[in-house]
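Structure first, commentary second.
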Amino acid sequence: MSGSVTLVGGGPGQEDLLTVAAVRALLDAEVVLYDRLAPHDRLAELAPGAVLVDVGKRPGHHAIPQAEIEALLVEHALAGRRVVRLKGGDPYVLGRGGEEVLACHRAGVPVEVVPGVTSAISVPGAAGIPLTHRGISHLFTVVSGHAPLTPDELGHLAGLGGTIVVLMGVNTLPSLTAGLARAGMAERMPVAIIERGYSAEQRTTIGELADIVTTAGRARVASPAVVVIGEVVRLAHDGDASAAELMDRAAGFAAVAG
Ligand code: SAH
């Protein structure tokens with residue numbers, strides 16, 4: 001019998017946010033390799049026929065290196081098993097899903113990808129922040145904060161004028177905010193940090209570009225967290241009044257430009 005690998009996007013951590021395709025793939029699985037950020041509390045029930053392998057990072061333990069995860073996927077599939085690789089969010093958003101697909105291709109193992117609800121969009125949503133809003137922001141950019149951005153990247157980001165969403169951005173927040181300010185972003189630009197979205201410990205910290213590092217430090221903000229930079233943050237913070245004001249301003253600009 002020939003095995004296979006299905007990369008499954010598990011969403012931001014809440015079981016309700018698994019797709020129907022994800023639930024089906026889990027039901028059918030014989031081995032599940034899962035991450036810390038994927039929903040895993042009831043995995044034994046969701047994947048009753050599977051051996052469950054935790055390959056994620058946990059405090060005090062080292063993560064299994066990516067090459068080893070890929071080797072495990074291939075090894076189980078070549079032994080004839082239906083393997084599910086359960087990942088947080090969407091497999092193709094800063095999740096190394098592409099590397100795992102390539103590893104399967106190289107080994108001649110059939111591989112499929114089930115998309116998931118990405119934290120980049122859903123976690124701000126859980127805090128009441130829409131990434132786009134007519135008249136306020138018509139674009140969003142998702143960036144990794146894993147490594148500091150280059151001055152060029154910071155310049156482009158600050159110049160775009162839309163919403164910026166940063167994943168893995170808690171540690172690099174000081175260099176990001178300083179870099180954006182240097183690149184010309186308004187010091188008063190609203191910033192929100194949403195920790196542990198869709199869990200009982202979800203928490204939102206709000207500030208401005210100039211003071212968010214201090215505010216976040218005082219609140220002891222920790223990962224996993226999604227950072228949102230842009231006027232849309234005010235929609236959650238100040239609500240309807242802010243939206244009306246921002247849209248009046250946008251309409252004013254449009255009248256002048258038109
Ligand atoms: N593929 C994933 C992202 C992987 S990178 C996706 O599409 O969501 C891991 C980062 O995602 C974390 O450092 C954090 O920035 C973010 N993240 C994932 N789940 C989260 C959650 N429940 N709450 C807050 N941030 C989360």
>> Give me Rg/Rg_expected for the range 49-125, where Rg uses Cα atoms only and Rg_expected = 2.2 N^0.38 Å with N residues.
In response: 1.17
> Once the Cα atoms of the range 120-257 are picked out, what are the Rg and Dmax in Å?
Replying inline: 14.4, 47
> Using alpha carbons only, what's the Rg to Rh ratio of the chain with Rh from Kirkwood?
Replying inline: 1.04
> Which one of 67, 120, 178 has the biggest mean-square fluctuation once the chain is modelled by GNM with Cα springs under 10 Å?
Replying inline: 67
> What order, most packed first, do the peptides 197-205, 34-42 have when packing is the mean number of other Cβ atoms within 10 Å of each residue?
Replying inline: 34-42, 197-205
>> Ranking request for peptides 97-110, 70-83: highest mean number of other beta-carbon atoms within 10 Å first, then the rest in descending order.
In response: 70-83, 97-110
>> Tell me the angle of helix 66-78 to the major Cα principal axis of the chain, expressed in degrees between 0 and 90 and rounded to the nearest ten.
In response: 40 degrees
>> Can you show me the helix-derived [θ] at 222 nm for the chain, built from DSSP H runs with n ≥ 4 at -39,500 (n - 2.57) apiece and divided by the number of residues, rounded to the nearest 500.
In response: -10500 deg cm²/dmol
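Where a number appears in this text, it was derived from the coordinates with a stated rule and is not lab data. As the structure is a computational prediction, the values presented were derived from the model and not from experiment. Neighbour counts are summed over all protein chains in view; Cβ atoms, including those assigned to glycine, are modelled from backbone coordinates with ideal geometry.
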